[in-house]
Ligand code: 4NP
C-alpha cells in the first residue's frame, strides 16, 4: 500500500488545519489508509499554542482528540517534505504560492476543491464566530476529507 504525507494549512494553525489533520487521521485509520499528517499556519502569531478550545471541543464531540497538537508556521522546506499541501482558503493558497519553491515535491491545492458541492471551495474561518461555526467547520472538513481520501483511492494512490 502506498503512503502519503499530507500537510493541512490555515492562517493561525489553531482552528481549521488542526481539525482537518485530526479528521483525516480518523478517516485514514477507519479506512486502513496510511497517511502521515501534520498541520501548519501561514502566520506565526500562535506558534507553540494548542488548538483553539472551540476546535478541540467540536472534534472531541465526535471522538477525535486534537488537544496535543501544537501550532507551527509553514516553511519552504515543507514543500519538499510533504506530498500534498492542502490550503483551507484562497488567502492561504495565495500565501503558500508565494513561498513555494520551483519544482517542489508537494502538490499544492485548496482542500475544498475535493468537495464539488462547495461554492468557491473555501473552508470558512470560524475564529471570530461562535461554536455553531466550529460545528459547521467540522461538518465541512469531514465532507472534504472524505472526498480527498476517495480521490487518493480512485487514483489508486493509496
Ligand atoms: P485558523 O483560524 O486560521 O483556522 O487557525 C484563525 C486563527 C487565528 C486568527 C485568525 C484565524 N487570528 O487572527 O489570530
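Values in this text are rule-based calculations from the coordinates and carry no lab data. Just so you know, these numbers come straight off a predicted model, no measurement behind them. Every residue, glycine among them, receives a Cβ derived from its backbone with ideal geometry; neighbour counts consider all protein chains shown.
Remarks
- Neighbour-count ranking [beta-carbon atoms within 10 angstrom, fewest first] of 142, 75: 75, 142
- Extension gain, residue 90-residue 151: 0.36 nm per intervening residue step, less the Cα-Cα distance, totals 19.9 nm.
- Cα gyration tensor category, rounded, prolate or oblate, for the chain with a/c compared to 1.5: rounded
- Each residue in 67, 55 was given a count of other beta-carbon atoms within 10 angstrom of its own, and listing them fewest first yields 67, 55.
- Between residue 73 and residue 30, the contour length at 0.36 nm per residue exceeds the alpha carbon distance by 12.6 nm.
- Between residue 2 and residue 97, the modelled labels are 2.6 nm apart [label points 7 Å from Cα along Cα→Cβ].
- Relative contact order of the chain, taken over Cα pairs closer than 8 Å and 6 or more residues apart, is 27 percent.
- Mean residue ellipticity, 222 nm, helices only, the chain: the sum of -39500 (n - 2.57) across DSSP H runs of n ≥ 4, divided by residue count and rounded to 500, is -12500 deg cm²/dmol.
- Footprinting exposure proxy for 150, 128, 4 (fewest neighbouring C-beta atoms within 10 Å first): 128, 150, 4
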